[in-house]
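Below is one structure, written out as structure tokens; comments come after it.
The values are calculated or read from the model by the stated rules, or taken from the named source; none is laboratory data. These figures come from a predicted structure and were not determined experimentally. Neighbour counts are summed over all protein chains in view; Cβ atoms, including those assigned to glycine, are modelled from backbone coordinates with ideal geometry. Surface accessibility is based on the protein's heavy atoms, side chains included, excluding ligands, DNA and RNA. Shrake-Rupley method; radii C 1.70, N 1.55, O 1.52, S 1.80 Å.
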Amino acid sequence: MNKNFLCFDEWEIYENTPYGSGSSRKNWLYNKNTNQIGIFKYPKKSLGQVTGEYWAELMAYEIASILKFECAKIDIGTYKKEIGSMSYMILLE
């Protein structure tokens, strides 16, 4: 498990995806150097406290990897100085 936060500041906002819904704060990002696309999800807050959904996604990815289940790769990192989780797009069009 990678315990270091990645920095996604060099990634650009990606407007060309039809995927995603819900009320959670998130940004689709594009890395022009690697052509990767991912959705950066900001932590939710409940009663003023940050919930653990963003790191729970990383735990689910790690468990899926151990069990050899196909799953989107998840990293924890920052985008514009805010922490969140990056879920990399696995769908091929």
Checklist entry - If only Cα atoms are counted, what is the Rg of region 16-93, and what is its Dmax, in Å? => result 13.2, 40
Checklist entry - N16 versus K68, label points 7 Å from Cα toward the beta carbon: distance in nm? => result 3.6
Next on the checklist: Quick check on packing: order 25-32, 44-51 by the mean number of other C-beta atoms within 10 Å, highest mean leading.
Outcome noted: 25-32, 44-51
Checklist entry - Rolling a 1.4 angstrom probe over the protein heavy atoms, how many square angstrom per residue are accessible across the chain? => result 72
Next on the checklist: Explain nothing, just the number: dipole magnitude of the chain about its Cα centre with +1 on each Lys and Arg Cβ and -1 on each Asp and Glu Cβ, in debye rounded to the nearest 20.
Outcome noted: 280
